[in-house]
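Written below as structure tokens is the structure these notes are about.
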């Protein structure tokens, strides 16, 4: 069924391009997403098959395409730069994850599509740290264009049908670039690589490329966008709707698409939590590992987003979560201790580096982890448990006379009568003082946290530990 759906999606794309009257413009074209193996991705939709330089099956994600490494991997399109007319040519790529400036050599501008020579260059995008250069049948540096291309996803393309200028399409907008054309040099066009002053490579993830005669980039964008949406929908067939909503929100915050394996891990987690009756109790939850960026990690799985204080992008790891080694940063979860009933409450987290407070208010609720050892659940009397290892820790109360603590895969009971919760914030990475201000900030690493009503800690431990393991394997 999946294979049939992919074939149907590609047939829809081809039919649409023919209906637009511009299928003929695609002279060298590959759909790099939608395939189980690299051989499928490198089978051309039209034109000659590209020559593969160093890509492996492991570099292919059927949901989002083929990922470069910024140093040695590229495709020779086997389409010569001058095979299309000087004033009759287009180049386009669909970017799932943008290139960053990590190319080899001193001239660090990764290329999406480029020639093997610089004069008369035909680079769709040469991305530098502070500028974004696009060249189409001209070397003129007046072609620098900087609308945020270094983080662009979607269709990126150039089209020339005039000697006086060309069109750059980026972020769904056509931009007119007034630069006269030059005679194109005879040199093969590469994807993920170009030769300018130095050989440069791209580490972008690309789902589609097209090289050919002049075409309507807006129409191409619409058709490729539909194709990519169709292919992504195939990968997400049967996904839980709340998982899909979260994935979309994370991708918007990240500015890039998530890998299929990461999306599958998220869906498996959400589905599992619902199957075991845990989902509704997890009213304020964040997955602090898995998303591509810090912004994505702060998108809540459920509830309100936390407010970060002090964290920077370098504090975030997709596999290990969030941690400030200096111990000066924290999150306000935007949950207050008295938001939940006195005898119907839980807090849980997954630590990846030693520290003291994972989640805490003041003298009412506290969850340690990865080296801490004090637990409070609607009480001011600490319950001490050894937590010398990282991993899942949690506490829950469903009655006034006792509560439960889970650490190191073991749940223990604590007989302690509950007290009324306080109107004070619950922080992550620290506790609050009596006035509700952050105090005792710690350098703990956190990959997940949840706050809400009472639940089964062992079941939650199983699902969260499986998720963290799955993310580690995926990345």
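The values are calculated or read from the model by the stated rules, or taken from the named source; none is laboratory data. If you're wondering where the values come from, they're calculated on a predicted model, not measured in any experiment. Note: ideal-geometry Cβ built from the backbone for every residue, glycine included; neighbour counts use all protein chains shown.
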Assuming residue 6 fulfils every condition listed in (1) in a helix (DSSP H, G or I); (2) surrounded by 20 or more Cβ atoms within 10 Å (Cβ to Cβ); (3) free of Cβ contacts under 8 Å to residues at least 40 places away in the same chain apart from one, which condition is it?
(3)
Of everything in the stretch 11-25 that's touching a residue at least 24 places away in the same chain (Cβ under 8 Å) and farther than 16 Å from residue 225 by Cβ, which residue is surrounded by the fewest Cβ atoms within 10 Å (Cβ to Cβ)?
24
Just checking, how many residues over the stretch 286-314 are in a helix (DSSP H, G or I), touching a strand residue (DSSP E or B) at 6+ places or on another chain (Cβ under 7 Å) and surrounded by fewer than 22 Cβ atoms within 10 Å (Cβ to Cβ)?
1
Can you find, within the stretch 414-435, the residue that is modelled with the lowest pLDDT among those that are in contact with a helix residue (DSSP H, G or I) (Cβ under 8 Å, 6 or more places away or on another chain) and surrounded by 15 or more Cβ atoms within 10 Å (Cβ to Cβ)?
422
Quick check: anything in the stretch 393-413 within 30 Å of the chain's Cα centre (by Cα) and crowded, with 19+ Cβ neighbours inside 10 Å?
yes
State whether one or more residues within the stretch 315-333 are farther than 15 Å from residue 447 by Cα, assigned to a strand (DSSP E or B) and within 27 Å of the chain's Cα centre (by Cα).
yes
Residue list for the stretch 346-357, filter: closer than 20 Å to residue 287 by Cβ and either within 25 Å of the chain's Cα centre (by Cα) or assigned to a loop (DSSP other than H, G, I, E, B) (or both):
348, 349, 350, 351, 352, 353, 355
Quick one: which residue in 103, 99, 150 is under 27 Å from residue 254 (Cα atoms), part of a helix (DSSP H, G or I) and modelled with pLDDT under 85?
150
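If the requirement is being at pLDDT 85 or above, surrounded by fewer than 22 Cβ atoms within 10 Å (Cβ to Cβ) and assigned by TED's automatic domain parsing to the domain that holds residue 417, which of these qualifies: 345, 383, 375?
So the residue among 345, 383, 375 that is at pLDDT 85 or above, surrounded by fewer than 22 Cβ atoms within 10 Å (Cβ to Cβ) and assigned by TED's automatic domain parsing to the domain that holds residue 417 is 383.
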Subset tally (residues that are surrounded by fewer than 24 Cβ atoms within 10 Å (Cβ to Cβ) and over 15 Å from residue 325 (Cα atoms)) for the stretch 436-454:
6
Among the candidates 57, 97, single out the residue that is assigned by TED's automatic domain parsing to the domain that holds residue 157, out of contact with any strand residue (DSSP E or B) (no Cβ under 6 Å at 6 or more places or on another chain) and within 30 Å of residue 293 (Cα to Cα).
57
Does the stretch 237-257 contain at least one residue that is assigned to a loop (DSSP other than H, G, I, E, B), crowded, with 22+ Cβ neighbours inside 10 Å and touching a residue at least 60 places away in the same chain (Cβ under 8 Å)?
yes
Inspect all residues belonging to the stretch 202-209 and state whether any of them is in contact (Cβ under 8 Å) with a residue 24 or more places away in the chain, under 17 Å from residue 17 (Cα atoms) and either outside the structural domain of residue 64 (by TED's automatic domain parsing) or not in a helix (DSSP H, G or I) (or both).
yes
Lone unmet requirement of (1) under 30 Å from residue 269 (Cα atoms); (2) assigned to a loop (DSSP other than H, G, I, E, B); (3) in contact with a helix residue (DSSP H, G or I) (Cβ under 6 Å, 6 or more places away or on another chain) for residue 215:
(1)
Test for residue 328: is it assigned by TED's automatic domain parsing to the domain that holds residue 401, under 24 Å from residue 389 (Cα atoms), surrounded by fewer than 21 Cβ atoms within 10 Å (Cβ to Cβ) and at pLDDT 95 or above
yes
Across (1) part of a strand (DSSP E or B); (2) over 30 Å from the mean Cα position of the chain (by Cα), residue 381 clears everything bar (1)
Checking 256, 353 in turn, the sole residue that is under 18 Å from residue 468 (Cβ atoms) and modelled with pLDDT under 95 turns out to be 353
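For every residue, the table says whether it meets (1) out of contact with any strand residue (DSSP E or B) (no Cβ under 7 Å at 6 or more places or on another chain); (2) surrounded by fewer than 21 Cβ atoms within 10 Å (Cβ to Cβ); (3) at pLDDT 85 or above; (4) more than 22 Å from residue 22 (Cβ to Cβ).
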| residue | (1), (2), (3), (4) |
| --- | --- |
| 133 | no, yes, no, yes |
| 145 | no, yes, no, yes |
| 155 | no, no, yes, no |
| 162 | yes, yes, yes, no |
| 190 | no, no, yes, yes |
I need the full set of residues from the stretch 267-285 which are assigned to a helix (DSSP H, G or I) and either surrounded by fewer than 19 Cβ atoms within 10 Å (Cβ to Cβ) or without any contact (Cβ under 8 Å) to a residue 60 or more places away in the chain (or both), in order please.
267, 268, 270, 271, 274, 275, 279, 280
